[in-house]
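J.: To start, I am sharing the structure in question, which I have written as structure tokens.
The values are calculated or read from the model by the stated rules, or taken from the named source; none is laboratory data. Values in this document were obtained by computation on a predicted structure and should not be read as measured data. Positions of Cβ are generated from backbone atoms using ideal geometry, with glycine treated the same way; all protein chains shown enter the neighbour counts. Note: accessible area is taken over every heavy atom of the protein model, side chains too, but ligands, DNA and RNA are not part of it. Shrake-Rupley method; radii C 1.70, N 1.55, O 1.52, S 1.80 Å.
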Amino acid sequence: MASEVVDATAPKPRGGRFCTVCNERRAALKRPKTLDQICKECFYAVFEDEIHRVIVDNHLFKPGERIAIGASGGKDSTVLAYVLSELNIRHGYGLDLFLLSIDEGITGYRDDSLETVKRNEIQYGLPLKVVSYKELYGWTMDEIVKLIGLKNNCTFCGVFRRQALDRGAALLKVDKLVTGHNADDIAETVLLNILRGDIARLSRCTSITTGEDGPIPRCKPFKYTYEKEILRSWALNLLFTYAYFKRLDYFSTECIYSPNAYRGFAREFIKDLERIRPRAILDIIKSGEDFRISTSTKMPEQGNCERCGYISSQKWCKACVLLEGLNRGLPKLGIGRTRGLNNERNKDMKETNGTKALQSKQCGTLDF
Ligand code: SF4
């Protein structure tokens with residue numbers, strides 16, 4: 001970002017509070033982490049510098065690495081693509097950046113948001129790769145929803161997206177994949193994993209880099225970046241604010257299959273906490289980071305899916321189980337807890353209506 005030079009001799013603008021950073025321009029928003037009143041120009045500088053510090057302090061990248069940016073066309077990934085390409089040039093990271101999008105096949109949602117990503121490809125000069133559910137799995141989300149309805153659609157979508165991102169990253173031959181998950185997303189996931197008692201996910205969901213033992217590690221440079229910012233007297237989204245001020249081109253419509261998700265309750269709860277105590281988001285992340293699993297706790301052993309070779313703690317990975325259900329006309333096959341599901345696959349096939357439906361529907365974009 002090109003910083004504006006402040007003329008210290010110029011008369012200060014009348015009315016409103018002054019920016020606590022430059023003390024010259026009028027404050028445009030209040031940062032939730034620090035409660036500092038800050039002007040637009042200093043906001044850009046602080047925002048980008050914080051991301052740079054997170055990248056440097058956590059050794060997220062090495063010079064010469066090929067990095068795929070998971071790009072949905074939404075505000076988080078759009079801002080991530082913009083900031084990362086800016087920082088890469090400004091600080092000489094020496095990275096080869098790519099945009100990687102997943103086309104779930106959701107008419108009226110993903111087709112529109114992909115148009116935004118295609119514009120981002122031109123605006124930021126970053127090569128784009130799109131992989132689709134149809135080409136990878138033979139199904140679009142439109143077809144899946146037609147078959148299963150709106151009950152467990154996000155379970156299919158989330159599982160398929162996770163693999164699709166890895167497969168797209170492998171096609172791009174990248175060293176790492178970065179996603180736009182922000183501090184709010186991570187705090188929500190900590191809370192959800194506590195509520196579900198999912199200690200395996202709880203132990204890794206706060207890591208800034210995951211999958212280091214796998215083929216393509218994933219990083220979250222926005223781990224400490226708040227979603228919300230307060231602009232004057234009303235709350236706006238921090239990334240929205242950044243995207244808004246910077247006039248970044250992003251897509252803001254909700255998925256047409258977005259459920260009244262369990263995650264939504266966690267999100268609301270966190271927003272309530274944030275209203276009372278803005279640091280609550282960072283505190284929840286810290287709680288997740290400090291979480292330790294007793295050495296006597298048996299954790300699932302990671303292996304590879306016998307069918308597709310993808311990483312899995314079961315004989316078949318979750319995507320293959322879900323796909324088997326779809327292809328055999330038994331879409332409830334893989335819904336619910338997977339423990340024992342592989343062993344009891346035949347039983348489940350007979351009792352497709354008896355499987356426990358996973359109530360924790362959530363957008364797979366956030367499933368990490
Ligand atoms: Fe997929 Fe997210 Fe839409 Fe659910 S809300 S169907 S996970 S894009």
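J.: Show me, for the stretch 154-161, the HN-Hα J-couplings you get by feeding each phi into the Karplus relation (A = 6.51, B = -1.76, C = 1.60, θ = phi - 60°), rounded to Hz, glycine and proline as x.
T.: Here the 3J(HN,Hα) series is 6, 5, 4, 4, x, 5, 5, 5 Hz.
J.: For THR253 and PHE265 in the same chain, what is the full-extension length gain: residue separation times 0.36 nm, less their Cα-Cα distance, in nm?
T.: 2.3 nm
J.: While we're looking at this one, here's another question. Place a point 7 Å from the Cα of ASP111 along the Cα-to-Cβ direction; which residues of the stretch 65-87 have their backbone N under 19 Å from it?
T.: 72-74
J.: Applying 1/(1 + (r/R0)^6) with R0 = 35 Å to the Cβ-Cβ distance of SER287 and SER313, what FRET efficiency is obtained, to the nearest 0.05?
T.: In this case the efficiency is close to 0.90.
J.: Right, here's the next one. Based on the Cβ-Cβ distance from LYS173 to ASP36, what FRET efficiency comes out when R0 is 51 Å, to the nearest 0.05? All intermediate terms of the calculation are to be shown ahead of the outcome.
T.: Values: r = 42 Å, r/R0 = 0.83.
Once rounded, the FRET efficiency stands at 0.75.
J.: Once label points are set 7 Å from the Cα along Cα→Cβ at both SER294 and ARG17, what is their separation, rounded to one decimal in nm?
T.: 4.8
J.: Same structure, new question: Give me the extension gain from GLN302 to THR209: residue separation times 0.36 nm, minus the current Cα-Cα distance, reported in nm with one decimal. Each step should come with its number before you reach the end.
T.: On the way: separation 93, 0.36 × 93 = 33.48 nm, distance 1.77 nm.
Computed gain between GLN302 and THR209 is 31.7 nm.
J.: Which order do the peptides 69-79, 282-292 take when ranked by the mean count of other beta-carbon atoms within 10 Å per residue, highest first?
T.: Final packing ranking: 69-79, 282-292.
J.: I've got another one for you. Are any of the pairs LYS129/LYS176; LYS223/LYS286; LYS33/LYS220; LYS33/LYS62 more than 21 Å apart by Cα-Cα distance, and if so, which? Each step should come with its number before you reach the end.
T.: On the way: LYS129/LYS176 15 Å; LYS223/LYS286 11 Å; LYS33/LYS220 19 Å; LYS33/LYS62 29 Å.
The answer is LYS33/LYS62.
J.: Determine how large the accessible area of HIS59 is when every protein chain is in place; take a 1.4 Å probe and give Å² rounded to the nearest 10.
T.: 150
J.: Efficiency by 1/(1 + (r/R0)^6): what FRET value for LYS146 and ARG279, r their Cβ-Cβ distance, R0 = 45 Å, to the nearest 0.05?
T.: On the way: r = 45 Å, r/R0 = 1.00.
With a Förster radius of 45 Å, E is 0.50.
J.: Okay, next question. With a sphere of radius 15 Å drawn around the Cβ of TYR93, what net charge do the other residues whose Cβ falls strictly inside it have (Lys, Arg +1; Asp, Glu -1)?
T.: Details: positive: ARG53, LYS62, ARG66, ARG90, LYS176; negative: GLU48, ASP49, ASP57, GLU65, GLU86, ASP96, ASP175.
Residues close to TYR93 contribute a combined charge of -2.
J.: Right, next: How high is the relative contact order of the stretch 43-102, in percent, counting Cα pairs under 8 Å that sit 6 or more residues apart?
T.: Relative contact order, the stretch 43-102: 42 percent.
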